[in-house]
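Each remark here refers to the structure printed beneath this line.
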Amino acid sequence: MTFAVNVSFEVYPPRSQENLPQLHESIRALDTASPDFISVTFGAGGSSTRDSLEVLTFIKDNTSAQPLAHLTCVGTTRQEASELISSFVEQGITEFLALRGDLPDGEAKHRGELHHAIDLVNLMKSDLNHSQAIDRIAVAAFPNGHPESQSLDEDIETLLAKQNAGATLAITQLFFYAEEYAGFVDKASKAGVTIPILPGLMPITSPGRLARVLELTGEEEPHQLSQQLRSTDNPEEWKFLGIEWCARMIRELVDARAPGIHLYAFNQHKTVLSALEQAGVR
Ligand code: FAD
């Protein structure tokens, strides 16, 4: 049996121009799943403005998906952030994921005028040049809590504040058990969050990738998945296990009435499309 579910994907601008054709091929393949949007990451501090725009423009011109631009604000002035938003809007990009971002170690967080994602949401809503032009403002959510938060309640308050500032969608950090998402959504809804919260998932297809995402996200190690991956050193079996885990989570999240599935594609289409197919999602 197949289910019609809203899907979306995240890709990142490749480090080298040589890898652009391969990313273009992956984006065309991802488009076959009729995603609602394909989002493109952004380097905090503005390191990849041009590269992000290049990928977003490709999505706009070559797929039926909406291009959704991640933007970070940490370390920037109001004026710089406003100009940054304008540079995207001028290229026809009207959907954004408003983020704080993380400055590289050693760079002071208090530098700049915008310190939190909500400051960027407020700027998008208040700046007359942008408020009419922007069609969607998404924000991040953390089912297991942001590493800097004192409690999950703080994360829910932060999400509620971002909703009240004008965000209309939340996309979650990676997590590894559907119950973590369901528990967070339940708490958020009781606190007054009404915007859709899209679960963000990734097929973890090697122990190395698991270690890398745990380092990047600060999430706790999922012992069961970790043990499964460490039970073999065959890359084909890793792939099988990672896709199977992700497909099961997709089914459980659809059963839990998630408003869609957001897949971190890591610029590779095959594993995420296999996970959707195995989950029976079209
Ligand atoms: P915030 O909402 O600012 O929250 C960060 C912390 O500050 C939380 O503990 C929160 O509770 C607290 N807080 C929030 N508002 C206030 C306030 N007003 N006063 C006091 N405390 C407050 N990073 C990138 O660099 N580029 C990307 O493209 C990117 N894409 C991402 C996509 C998704 C879906 C997710 C989940 C994360 C992404 N990140 C990206 C990482 C993100 O930038 C970091 O997780 C960052 O640490 C937090 O971002 P945020 O937008 O949630 O920040």
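Quick look at the numbers
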read-out: Cα-based Lys proximity count in the chain, under 25 Å, for pairs eight or more positions apart or on separate chains; value: 8
read-out: Nearest-20 debye value, the range 168-282 charge dipole, Cβ charges on Lys, Arg, Asp, Glu; value: 340 debye
read-out: Protection-proxy order for peptides 266-273, 219-226, 182-189, each taking the mean of Cβ atoms within 10 Å per residue, highest first; value: 266-273, 182-189, 219-226
read-out: Those trypsin sites (Lys or Arg not before Pro) in the range 102-169 that DSSP places in a loop and that have at most 15 other beta carbons within 10 Å; value: 109, 111
read-out: Of every Cα-Cα pair in the chain, the percent that sits beyond 27 Å; value: 39 percent
read-out: The range 151-217 versus the range 44-96: alpha-carbon centroid distance in Å; value: 23 Å
read-out: Approximate spin-label separation residue 77-residue 62, in nm, with each point projected 7 Å along Cα-to-Cβ; value: 3.7 nm
read-out: Charge dipole of the chain about the Cα centre (unit charges at C-beta), most positive-ward option of 138, 216, 13; value: 138
read-out: Integer Hz, Karplus 6.51/-1.76/1.60 couplings in order for the range 13-28, x for Gly and Pro; value: x, x, 5, 10, 4, 4, 8, 5, x, 5, 5, 4, 5, 5, 5, 4
read-out: Efficiency of FRET between residue 270 and residue 221 - r from beta-carbon atoms, R0 25 angstrom, step 0.05; value: 0.45
read-out: Radius ratio Rg over Rh of the range 189-282, counting only Cα atoms, Kirkwood formula for Rh; value: 1.00
read-out: Three-way shape label, the range 179-242, alpha-carbon gyration tensor, a/c 1.5; value: prolate
read-out: Globularity index of the range 13-147, i.e. its alpha-carbon radius of gyration over 2.2 N^0.38 Å; value: 1.06
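Rule-based calculations on the coordinates, nothing more; no lab input. If you're wondering where the values come from, they're calculated on a predicted model, not measured in any experiment. We place every Cβ from the backbone using ideal geometry, glycine too, and count neighbours over all the protein chains shown.
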